[in-house]
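All remarks here apply to the structure that follows.
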Amino acid sequence: MTKSETAASRRTKSITRHLTAATHSKSGLSSEEDVKKTWRNATSFSSREQFIKFLKYLPNEIENLEYNVGVHLPGPLQDRVRYPNGWVDAYLDLEKASYAGENHVKTAEYQMTYGKQGLNSNIVVPFLLFGRGGPHNSGRRSPPLVTQQVIVGDPEDAKRIAKVHVTKSPNFTPFMYNSIISTTDDEEWHAMREHLVTAFLPKGSLQRIFPVTLDRAKFCPERLKNILAESKDGSVNISEFMLYETEAQLQLALFGNNREWMDETNQKFRMAMSGKMPVSYVKQYLGELIDNVNHVEASGPATAGVTSEGEVRGPLSDALRSLEFEGKADWGNALIFAFAGHDTTAHTLTWLVFELAQNMEIQKRLQNEVDAFFQSLNGRDMTYEDLSSLQFMTKCVMETLRKWPAVANGTYRQIRFDDYVKGPDGKDVLLPKGTHVQITNWNRHRSAELWGPDVNEFNPDREWRGDEIWNGDGFRAYNPSTERFSPFTFAPRDCIGKNFAQMEMRAILCYLLKDFTFELTDKAKAFDSSKFLGVNYGTMGPQDLTEDEWVKNVPGSVRPKRRPVGLSVLPVPRNK
C-alpha cells in the first residue's frame, strides 16, 4: 500500500467513525433521550406543556439582558395579545409554520404585520439555536439555546451585513460540523474557501469538465422519453427528473464518479435525505462517497494548478482530497456538496418549468432562442463559452430565482462587532456583537416596493438592474446580485457552486426545450396562487398536488410527516 493510499485509508476510517458517532450521538445533556423525546413531541405539537417544561432546563440568552434588541425592533415578541406567553407562544407558532415548510411565509407575515416598511422591515423573532461545542464545531452537540434573531429585511442593511459580518450562526453545525457552509471560524472558512473554489474556476475547471456536463445533458431527452413511455397518463414528475439529473451532473462532472455508482445511489440518497428511506443510508452513502473522493483518479487546479495542458477530472474530489483541516470538515463538506450541490439547482429548474407551462408565449420565445442557438452551432457541440449567447434564457433563470428562490431562508450570521440597522422610524438600532441575524431572500425578492406591482408575476422582461443579469452579457462568472436580489446570497460568503449551477441549468434546458414543450397536468393546474408559495425544508420546491397534503416519513426521521414536493407535467414532443 502506497503512502497516499495509507493516508486515504486512515481518512476513510476516521470519517466512518465520525458518521457512526453522528448516528448515535450523545449530547452534553445528562438525559438526552428524554430531551429528544420532549423535543420531538414539541415539534409535532402533541404537548405544549411538555415543551414549556423542557425550556426550563435550557440556557437562555435573552433573560436579564441590559440591552435587548427585541425591545427596539418590532416583531411578534412584543405582541402579548396574540402571544400572551411571549417567546413560547411566538416560537411555537413559527415552528408550526416551519414544520409545514412555510417559515418563509410566516416570517413575511410578521414583517407585514409588525414592520412599518412591509417586506423591507427589520424585525425580531424567537429562535431556538442548536449547535456543536468543541474545537472546529466538531465536539458534542450543545444544549439548545433560547434566544432571538433579527430578520434583516432592509435591502441596504442586508447587503452590508452579509458582506461585513461573514461569521455564521452555528445552526448548521449539528449536521455539517465545520464544513465550508457551517464553520463559525472565519479564518477556517476563508482558507477552506480559497482551496475549494479551485474546483469551480470558470476556465481552470468548469470549462474543462463541460464535455461531461454536455454528454449528460444530451442524454436528458432520451431518459425523459423512456419515462414518458412508461407513464400511464402521459405525466411525469419533473421535480424528480430534475433532482436525478442534477445529482448525476454533480457526481459525474464535479466528483468524477462513474455512472454505475451514480445510478446505484442517486435516488436512494435523496430518499434518505427527504425522509422516504431510513436516514441511516446517508451514513452509508457518504462513507462510499468519501472513499471515492480518496481513490478516484481525480485531477484539477487544487493540486496541479491552472495550466493549459493540465487535465481536469473530478475537480471537486481533487480539492476535497487535498483539503487538510482539523475537526470533521471532510464529513461536513461531503454532505453539503452532495445535497445542496444538486437540490437547489433542481428546484430552480422545476420552478422554471412550472412557470413556462403556465406562460406558453414565454416558453415559445425560449424555445425559439434555443432553436436559433443550435442552428448557429452548425452541427458542432456547444461549448462553455457559447452559453453566454442565451440571453433570454438568462432572464428566465434569473426571474425564476427571484420569484422562487431555492434558498428562501437566505443566510444565518452572527454580528462580529457592534453594528446598526434601520429601525421602524428610520433611526439606527444597535445590534450588539454576537446578535444572531437571518438575511432572507424571500422577502426582498417578493417586495413590491423593490420590484413593482407585478412582483408576484413571472416576467423575464422586467426592468433588471446591471449585475442582476450580468449587465446583459448572458452568462458571467461573478455573483449576480444587488441589494434587492441575492439568490446565491452576497459575496464574499456566497454560494461557491453558483457557476456550476448556472452552467448545468443552461445545458439541461437547451436539450429538453429543443425536444419538448411542457404543460401542467389538470391536478397541477389546481393550485391556489395565494397559498401555493412553496414547501421550504431548507430548500424550497413546489408542493406535489398529486399526493395528499401530508405524507408520513419513515420511522426515525426528524419529522414524522412532511408536505411532499413534486410537480406533475405533460412533456409533449415537439414537431419541428
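Annotations
- Sulfur and carbon atoms: percent of accessible area, the chain [1.4 Å]: 51 percent
- Of the GluC sites (Glu not before Pro) found in the range 243-326, those in coil by DSSP whose Cβ has at most 12 other Cβ atoms within 10 Å are 297, 309, 311, 324, 326.
- Heavy atoms of the protein chains alone define the surface here; on that basis the range 458-576 has 41 Å² accessible area per residue at 1.4 Å probe size.
- Kirkwood-based Rg to Rh ratio, the range 131-240, C-alpha trace: 1.16
- 3J(HN,Hα) along the range 77-91, derived from phi through the Karplus expression 6.51 cos²θ - 1.76 cosθ + 1.60 where θ = phi - 60°, amounts to 5, 8, 9, 7, 6, 6, 10, x, 9, x, 3, 4, 5, 5, 5 Hz, with x in place of Gly and Pro.
- Here the range 318-403 is treated as a sphere whose radius is the Kirkwood value from Cα pairs; by Stokes-Einstein at 25 °C and 0.890 mPa s it diffuses with a coefficient of 155 µm²/s.
- Measure of compaction for the range 207-366 (Cα Rg per 2.2 N^0.38 Å): 1.15
- Among the trypsin sites (Lys or Arg not before Pro) in the range 328-414, those placed in a DSSP loop whose Cβ has at most 11 other Cβ atoms within 10 Å are 380.
- Of all DSSP beta bridges confined to the chain, the antiparallel ones make up roughly 90%.
- Residue-wise HN-Hα coupling along the range 383-393, computed from phi with Karplus coefficients 6.51, -1.76, 1.60 (Hz; x: Gly, Pro): 10, 4, 5, 5, 4, 5, 7, 8, 6, 5, 4
- Residue separation of residue 279 and residue 448 scaled by 0.36 nm, minus their Cα-Cα distance, works out to 56.8 nm of gained length.
- Range of Cα positions in the range 66-220 per principal axis (Å), largest first: 60, 39, 30
- 3J(HN,Hα) along the range 454-460, derived from phi through the Karplus expression 6.51 cos²θ - 1.76 cosθ + 1.60 where θ = phi - 60°, amounts to 8, 4, 8, 9, 8, 9, x Hz, with x in place of Gly and Pro.
- Förster-model FRET efficiency, 35 Å R0, residue 186 and residue 558, C-beta, rounded to 0.05: 0.75
- Those lysines that a straight Cα-Cα span of less than 18 Å connects to residue 268, excepting residues fewer than 8 apart in one chain: 276, 283, 552
- Extension gain for residue 229 to residue 85 (0.36 nm times residue separation, less C-alpha to C-alpha distance): 46.1 nm.
- Kirkwood Rh in Å, taken over the range 427-576 so that all alpha-carbon pairs contribute: 19.2 Å
- With all protein chains kept in place, the per residue accessible area of the range 250-313 amounts to 46 square angstrom at a probe of 1.4 angstrom.
- Sequence-separation-based contact order of the range 155-239, relative, with Cα cut under 8 Å and 6+ spacing, percent: 13 percent
- Over the range 88-236, accessible surface divided per residue gives 37 Å², non-protein components excluded, 1.4 Å probe.
- Put simply, the amide H of residue 142, placed in the peptide plane, has neighbours under 5 Å in 131, 132, 133, leaving out anything fewer than 5 places away on its chain.
- Spatial separation of Cα centroids for the range 96-134 and the range 408-459, in angstrom: 11 Å
- Per the Kirkwood formula applied to alpha carbons, the range 457-535 shows a radius of gyration over Rh ratio, Rg over Rh, of 1.03.
- For residue 548 and residue 525, the difference between the fully extended length at 0.36 nm per residue and the C-alpha to C-alpha distance is 6.7 nm.
- Cα pair distances of the range 346-478 binned at 5 Å [whole percent]: 2, 9, 14, 17, 17, 13, 10, 8, 5, 3, 2, 1, 0
- Ranked packing of 196-207, 540-551, 418-429, most packed first, by mean Cβ within 10 Å: 196-207, 540-551, 418-429
- Relative to the compact-globule estimate of 2.2 N^0.38 Å, the Cα radius of gyration of the chain comes out at 0.95.
- Overall dimensions of the range 198-301, expressed as equivalent-ellipsoid semi-axes from the Cα gyration tensor (√(5λ), whole Å, largest first), are 26, 20, 10.
- Percentage relative contact order, the range 271-382, counting C-alpha pairs under 8 Å, at least six apart: 16 percent
The values are calculated or read from the model by the stated rules, or taken from the named source; none is laboratory data. Note that the coordinates shown come from a computational prediction; the quantities given were computed from them, not determined experimentally. Glycine gets a Cβ as well: all are built from the backbone with ideal geometry, and neighbour counts include every protein chain shown. SASA here: full protein model, heavy atoms, side chains in, ligands and nucleic acids out. Shrake-Rupley method; radii C 1.70, N 1.55, O 1.52, S 1.80 Å.
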